[in-house]
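The values are calculated or read from the model by the stated rules, or taken from the named source; none is laboratory data. These figures come from a predicted structure and were not determined experimentally. Here the Cβ positions follow ideal geometry from the backbone for every residue, glycine too, while neighbour counts run over all protein chains shown.
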Amino acid sequence: MADDWKARPDRPVEGPLQCLRLGEQLERLRHEPTWRASGRTAITLAKEPALRVVLMLLGKGAKISEHQAAGPLTFHVLSGSVTFRSGGRVERLGSGELVVLEPAVAHEVEALEESACLLTLGGAS
């Protein structure tokens, strides 16, 4: 992400304690112009030096092309189903399932149906 990233005033992403209602956040995502235009959108829910939490909404067929993260990550499917590819492995993940990935491992994601996912990134951002 760009160094000039700024939180929107209606979406605080830091503080000593945050209580986030994911259902409410997903409903907000469904009203985003990006979702209506591309069938894919996301918001950063928390951003700290060693932790980032991102809520994603992916429409059927939406892809996150192959990339790597500098730190470890978890990718948790809240609803729907996705295909998670990394190296020679292909995992189909459904609601309530998650993968844990070590740093700098190439991976990609494809939504098999509309899916809500929670990405947690560890390490320096």
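General observations
- Region 57-98, subset of a type in the set (Val, Ile, Thr) and within 21 Å of Leu26 (Cα to Cα), residue farthest from the chain's Cα centre (by Cα): Thr83
- Restricting Gly94, Gly88 to residues that are modelled with pLDDT under 95 and over 19 Å from Arg52 (Cβ atoms) narrows the list to Gly88.
- Total residues in region 67-106 satisfying the condition of being touching a residue at least 12 places away in the same chain (Cβ under 8 Å), assigned to a strand (DSSP E or B) and out of contact with any Asp or Glu (no Cβ under 7 Å at 6 or more places or on another chain): the figure is 14.
- Only one of the numbered conditions (1) more than 17 Å from Leu22 (Cβ to Cβ); (2) modelled with pLDDT under 95; (3) buried (at least 18 other Cβ atoms within 10 Å of the Cβ) is violated by Ala50, and that is (3).
- Check on Leu73, buried (at least 18 other Cβ atoms within 10 Å of the Cβ) and out of contact with any Phe, Trp or Tyr (no Cβ under 7 Å at 6 or more places or on another chain): yes
- Odd one out for Glu24 among (1) surrounded by 13 or more Cβ atoms within 10 Å (Cβ to Cβ); (2) of a type in the set (D, E, K, R); (3) at pLDDT below 95: (1)
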